[in-house]
Every structure is written in structure tokens, then in C-alpha cells.
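Please treat every number below as a calculation from the coordinates, not as lab data. A quick note: this is a predicted structure, and the numbers were derived from the prediction, not measured. Note that each Cβ is placed from the backbone with ideal geometry, even for glycine, and that neighbours are counted across all protein chains shown.
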Amino acid sequence: MSRLITRREFVATSAAATGLAATTSPVSGQAPAIRSGGVKPVVVASANGNRFKNGGPVTAVEKTFQMMTRGDDVLDAVIAGVTICELDPEDTSVGYGGLPNANGVVQLDASCMHGPTRRAGAVACLEGVRTPSLVAKAVAEATDHHLIVGRDAQAFARTMGFTIEDDLNTERSRSRWLEWKHRTDPEHYLDPKKRAQAWYDAGLQMVREGLIDPGHYYGTLNMNAITAKGEQCGVTSTSGLAWKIPGRVGDSPIFGAGLYVDNGVGAAGSTGRGEANLYNVCSFLIVEHMRRGMAPKDAGLDALRRVKASTVEKRLLNAAGNPNFGLSFYIVNARGEFAGVSMYATTYAVCTENGAQTLATEALLEGKATD
């Protein structure tokens, strides 16, 4: 990222990064990454980063680790991993086949931050492009801006050579939306005082019945990485809250909330209830805690305590008086130390020289959000 690239160069490198998922061998069998200056290279991500392969041989965290340990730029590596999930129709939390908004339209958000060059880019409410993370990368590399939204984000993507599709729904995402519509009211003529609660309750009931993966109701993939040279990067991509009000933007494309990277300190990103994270700007908070010497786990748990303390509305509290939603952070510091923390117990993905793993997060609260 030492220079701005031309449109032709960008489209060529973007296509190559997306296609790498089907051509590179798995992490297993690779020589261990060489450490430089005591830095342990690592990729840390939400759990879907070690689940989906889009028909290829490796998961997202494996792809990223492969590329960055062979010398590719850390942003290119992370983007290549993220696009595996964005293109996989089985991952309903991001990209193609992501759960749509209340009108049945898939609207996508994404952000990226490149530590070595201090560049960043993001898009919000982007329609028709399967890989919003690549469009966010284009914002960082080809413009003087940080965030482009809505129809203008799509126009920008078209200008940069991206294919624009009429509909990013799959049969699965559309059928889930139709089920939600049926449950809330076929005519959408609910009592205004009850409508918002019915809107929310119908979605959560589908989670309880197994129609929606609990981790995908709020959507999102976050991935952060550090190379043996100490170069850091983070990317967050999401289809947003299932059945959201059209135009709603959560924390994912907002720097300091859904993602924050300081190359000399660390990186943090999130999944879960975006509104709770936006109110507290937690990714920035976590990185600042690490700047003052806190370990990644301690910094993340402190951010969750702040979210818990600021959650006072009755509608957002469970019977125990705790937040009735999930929120997770994925964190790495400048030494390669990492953590996954969450409001309630869940899992996250990690890839090191020992391979990819799905690990349990460090939870702030016992039980479940629905208790």
C-alpha cells in the first residue's frame, strides 16, 4: 500500500485475491512462520473465520495466515480470507446470501484499516456487490476518503470495476426473510406501540427454533492479523442485523467501534449488537487500554463491563438484569498476544504456526443472553 493504484491494477489484484481461496494448499504442512523481533504472527477472527470455505480447501483464517507468512501484504492477506466468507452462500452473516433487511434487500457494510500505512476505508448500505471488504479496500487505496455509503457506494464500486448484481439473496436467505414477514404480519399493519417489539421478538423466536444461527442474527465477520514483522491489519464485514430497518448502519463500518487498528499497539474488532458497541466505541477503547499496558483479554473484558453498565433500557435486559444480547471482541496486540472475549460464552477463530483452531471466548457473564 505504498502508492495509490490505478483502476485496472485494482480490479486485477482484487480478482486474484478472491480467486486464491481455490488454488492455495491448506496451512497443514507449511513450515512454521519465521518470527521477527519477538513477534508471533497470528490471525484472530470471529468463529465463522474458521468454519466456511466456499468450496475450497481452507478457511478464512488459514488463507490469511498462509498469505501473510509467505510475504504478502497483511491487508491483502486478511481481505483474501474475509472474501472466502463473503462469497460463501452458507454464511448468512456476510456478503452473498447475507440475511436481508426488512424489505428483503441485502445491504452490506465493511471496513478495513492498514496499520503500516495508517490508511482506512469503509462502505455502508452497499447493495449488489458480494465482496464489500474489497470495496472498502478500494476506498482506502483509491480515494482521500474513509467512508462512502448507500447508492453512492454502489456507484463508486461500479466505477472501480466491480460487478453490480440486482439481488444478493440466495434461496435460503430469501426463505428466512419470508418466514419473518409471515410472523410479524403479512400486511404489516401492527399497532405502532407493539410493532417494534413484534419485529424483534419474531426474529429471536426464529433463532430459538434453529432457523437462524444465533451468531448470524446480528451477523458479521471480523478478522485481525499481525505479521512476523509486526505489521497489523483489521477487516470487518457484515450483512448487518437481520431484518433491520432499511438504511440502518451498525458498528462494522465505523472506525473505533466495529474496528480499530494502531500498528504500534494492537487491533480490535467486534461482532454482536452493533448499537451497544457504537454507544461505547469499544474497539478504540480496547486499543487505548492496550496502549496503557493492559493485556488483550483484560482490555476486552473492561470494554464489555462498560457496555453492561451503559445498558439500562428495560427492553435490552433479561430477567437477571443483564444485557439480553451478545457482543464479542477479537483482539491482538503488537507482540502477537491475542484474545477473544464476549458478553456470554461463545467461540472464536485463531490461526498460528500451529494451525487453525476454534477456541472458547473469555465470557464476562455466566449463562445466556436469553436467561
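Given their separation in residues at 0.36 nm each and the Cα-Cα distance between them, S175 and T159 gain 2.5 nm when the chain is fully extended. Between K314 and D152, residue separation times 0.36 nm minus the direct Cα-Cα distance comes to 54.6 nm. Tell me, how many Å apart are the Cα centres for the stretch 340-371 and for the stretch 38-75? Using only Cα atoms to place each centre, the spacing works out to 18 Å.
Placing +1 on the Cβ of every Lys and Arg and -1 on the Cβ of every Asp and Glu, with nothing else charged, gives the stretch 255-328 a dipole about its Cα centre of roughly 220 debye. Among T236, T163, a tally of other beta-carbon atoms within 10 Å of each Cβ gives an order, fewest to most, of T163, T236.
In this structure, the residue pairs whose Cα-Cα separation is over 22 Å, taken from K63/K137; K181/K368; K40/K297, are K181/K368.
Neighbour counting of Cβ atoms within 10 Å sorts the residues M160, M68, fewest neighbours leading, into M160, M68. Applying the Karplus relation 6.51 cos²θ - 1.76 cosθ + 1.60 with θ = phi - 60° to the stretch 251-267 yields 3J(HN,Hα) values of 8, 4, x, 9, 5, x, 9, x, 6, 7, 9, 10, 4, x, 10, x, 9 Hz, where x marks Gly and Pro. Computed 3J(HN,Hα) for the stretch 91-105, one whole-Hz value per residue from the Karplus formula 6.51 cos²θ - 1.76 cosθ + 1.60 where θ = phi - 60°, is 8, 7, 9, 8, x, 4, x, x, 4, x, 7, 5, 9, x, 9, glycine and proline marked x. Footprinting exposure proxy ranking of H182, H289, H146, fewest other C-beta atoms within 10 angstrom first, gives H182, H146, H289. Look at where the Cα atoms of the stretch 102-127 and of the stretch 292-332 average out, and the two centres are 24 Å apart.
At an R0 of 25 angstrom, the distance between the Cβ atoms of K229 and R292 translates into a FRET efficiency of 0.55.
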